[in-house]
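Laboratory data are not the source of any read-out in this text; all were calculated from the coordinates shown. Predicted model only: the values in this text are computed from it and were never measured. All Cβ positions, even for glycine, are placed from backbone atoms using ideal geometry, and neighbour counts span all protein chains on display.
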Amino acid sequence: MRCLALALILCSLAAFANAGCYMGPKRGGAQEPCQDDTDKDWHEVGSSWTNSKCMECSCKATAMDCCDRMGRPSGFPEDCEVLRDWKECTFVVVKKNDHSVHCPHAAVGK
């Protein structure tokens, strides 16, 4: 019973540590390329890339895994908004009525 409880705790911790990552099964055989879920581009086994939604992905023989390079801002005041730069994979949280004023926030998944 203790082993089961420990296994459940460890599994939940792993999920939080990789909150910005996912791994998906790959269609086809081990040498078949991977298709990016966002951009629909094909990538060879062993390659890595960053897609247009700032997900850093890699194609492996059995799966494709991707992790969020930008993170997801959270915990900011309602009078603030997120401005994302999808080319640089960065964001700032600023006042809605004055973009020169930065807001306090947390980030999840990076």
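What the table shows:
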read-out: Amide proton proximity set for residue 76, modelled H, under 5 Å, gap of 5+; value: 106
read-out: At R0 = 35 Å, FRET efficiency that the Cβ-Cβ distance of residue 90 and residue 60 yields, to 0.05; value: 0.80
read-out: Nearest-0.05 FRET efficiency for residue 97 and residue 40, computed from C-beta distance (R0 25 Å); value: 0.05
read-out: Per-peptide average of other Cβ atoms within 10 Å, ordering 89-102, 50-63 highest first; value: 50-63, 89-102
read-out: Segment 66-110 - charge dipole about Cα centre, Lys and Arg +1 at Cβ, Asp and Glu -1, debye rounded to 20; value: 180 debye
